[in-house]
1. Based on what the data block shows, is residue 75 touching a residue at least 24 places away in the same chain (Cβ under 8 Å), in the same structural domain as residue 33 (by TED's automatic domain parsing) and either exposed (fewer than 12 other Cβ atoms within 10 Å of the Cβ) or acidic (Asp, Glu) (or both)?
2. State whether the residues of segment 130-137 include one that is in the same structural domain as residue 188 (by TED's automatic domain parsing), assigned to a loop (DSSP other than H, G, I, E, B) and either closer than 17 Å to residue 181 by Cβ or not small (Gly, Ala, Ser) (or both).
3. I want to confirm something. Restricting to segment 147-167 and keeping residues that are surrounded by 19 or more Cβ atoms within 10 Å (Cβ to Cβ) and of a type in the set (Gly, Ala, Ser), which single residue is farthest from residue 8 (Cα to Cα)?
4. Within segment 141-189, can you find the residues that are polar (S, T, N, Q) and within 16 Å of the chain's Cα centre (by Cα)?
5. Return only the number of the condition from (1) within 12 Å of residue 86 (Cα to Cα); (2) under 17 Å from the mean Cα position of the chain (by Cα); (3) of a type in the set (S, T, N, Q) that residue 203 does not satisfy.
6. State yes or no: is residue 69 free of Cβ contacts under 8 Å to residues at least 24 places away in the same chain and touching a strand residue (DSSP E or B) at 6+ places or on another chain (Cβ under 9 Å)?
7. Only one of 252, 276, 247 is within 22 Å of residue 8 (Cα to Cα), part of a helix (DSSP H, G or I), free of Cβ contacts under 8 Å to residues at least 60 places away in the same chain and in the same structural domain as residue 60 (by TED's automatic domain parsing). Can you tell me which?
8. Which of (1) more than 30 Å from residue 192 (Cβ to Cβ); (2) in contact with a Lys or Arg (Cβ under 9 Å, 6 or more places away or on another chain) does residue 111 not meet, given it meets every other one?
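The values are calculated or read from the model by the stated rules, or taken from the named source; none is laboratory data. Just so you know, these numbers come straight off a predicted model, no measurement behind them. Note: ideal-geometry Cβ built from the backbone for every residue, glycine included; neighbour counts use all protein chains shown.
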Amino acid sequence: MRIDLHIHSKNSDGKLSVAEIIMEAKARNISLLSISDHDSINCQDQVVSLTKKEGIRHITGVELNVTFSHPKYHDGKAVSLDFLGYQFDPDNSALESKLYTIAKYREERAAKILDNLNAEFKEEHIASLTNYDLTQIEESVDGVLGRPHIADYLIKKGVVKNRQEAFDKYLVKCNFPKFPLYLKEASKIIRDAGGKLVLAHPNDPHGTSLTALTKELAEQTDIIKEKMLPYIDGVECWHSRNTTETTRHYVTFASDQGLIMTGGSDCHQKPIVMGTVQIPDWVADQFVKI
């Protein structure tokens, strides 16, 4: 059985449409999947319809960015962490309302980032981005607007060659704070919608993870015990950038704490890695069939 509970579509920052993802999943013999776009559940009805047609089991999913801090680490300053919501009711009005608010904030944030970019461009004698450019970026997005879409536009304009260069050269230093969603609220929103909240890729060296606070696995799980356990239902133990040591550590921790264990490729489809993470069949049994 192939499982992938962490896939992104064009509704956030993925490269493929929902239909293309489902067809690729079918070709890769994926039996259970979740499309967990950033701050967006707009595609969930389509996913339900297409997976049913193709005989693939689907769990509703979303990835929420949470503002988190711990007094012992990072001088107590806040960092961003990702949490995955699963098996919620996609028609829950409170969840829909919160995600709408976050989406509107993303548009305001994009404008602030463009202002910061223009300050950099002025120093480098590069033509400033205008409201027309912002409109072009917004129109290129199928779902929620994020920095990857700005990166893609900078590529199109010939300012950079690829997304990595866009982030390394401009988008990290020109960033603007994300919507301040805190763990307690994120947990309540997902649980009130009938879902489960899972800490995503806790030791991802290249993503929003606990490595921003500490790279020591034991310290990471101490942080979870001290600050997260009342609010989470599980941990993503299998991930495309996990080491064997990371997976082993988090499987042991989740088992000891009675948490559910999930896994996924975190595929953004370039390259297509969905279904390549080896996830045990019993992971599917943790979710009641819907």
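1. No.
2. No: zero hits.
3. The selected residue is 166.
4. Correct list: 187 only.
5. With respect to (1) within 12 Å of residue 86 (Cα to Cα); (2) under 17 Å from the mean Cα position of the chain (by Cα); (3) of a type in the set (S, T, N, Q), residue 203 is out only on (1).
6. yes
7. Sole residue among the options that is within 22 Å of residue 8 (Cα to Cα), part of a helix (DSSP H, G or I), free of Cβ contacts under 8 Å to residues at least 60 places away in the same chain and in the same structural domain as residue 60 (by TED's automatic domain parsing): 247.
8. (2)
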